[in-house]
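See below for the structure under consideration.
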Amino acid sequence: MSAHRRFLPEVNPPPARSRRFVLTARSPWVRAGRSGIHGRGLYARTAIPAETRIIQYGGEIIDKAESARREEARVKRLARGGDGSVYVFILNQRFDLDGRVRGNVSRLLNHSCAPNCRAQNIRGRIWIVSEREIARGEELTIDYGYAFSDWRNNPCRCGTPACPGYIVNEGQRWRLRRLLARAPSHDTNTDAPAEPDQI
């Protein structure tokens, strides 16, 4: 068995009154450090081959109602100038995985419009998988894939040539580029014309 499959997350048993489980992710492939993109990030501790399961995304497994409540709280926190970072992955139709838990280094993955990793749901577990060979010391990134309708709320700092300046899923970046080209300014406060078929 290869090294990257041997390291599974610890599952902490839920409190008696809770149905929530917490996965704390660890991996020999990564280390945390200051990021040139945003805050802190994850870096390759050693060279990582393509298609490697690097780390399982850790967090608290919550139902959809709790996920909606937390999203509402996140939006309010953002409006007050607090941390509006999103750490939630959809697991299935009933449950989500909230990575906003202590000790979860996998939540430090930053967005890039030209990512070197992808998030992959493998039998109900979210794995961060390398898209290509990753050099020792390189920052690990994924595409957050946010909806086009939220583009103004999600400026991008990745700085890659493919970056339109905002975090939008890859399939909608052409639409954002077209919209920005027609707008008088790339200022997020500008009322740019709406696309007729916004998602």
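Taken together, the values in this text are just the output of simple stated rules run on the coordinates, not laboratory data. What you are looking at is a predicted structure, and each value in this text was computed from that prediction instead of being measured. Reconstructed Cβ throughout: ideal geometry from the backbone, glycine too, with neighbour counts over all protein chains shown.
Values as computed for the structure displayed
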item	result
Residue order, fewest to most surrounding Cβ atoms within 10 angstrom, among Cys163, Cys156	Cys163, Cys156
Cβ-based exposure ranking for Asp96, Asp63, in which fewest neighbours within 10 Å come first	Asp63, Asp96
Per-residue ³J(HN,Hα) for the range 162-171, Karplus 6.51 cos²θ - 1.76 cosθ + 1.60, θ = phi - 60°, Hz, x for Gly and Pro	7, 7, x, x, 9, 7, 9, 4, 3, x
Alpha-carbon gyration tensor eigenvalues x 5, square-rooted, for the range 34-174, Å	23, 19, 15
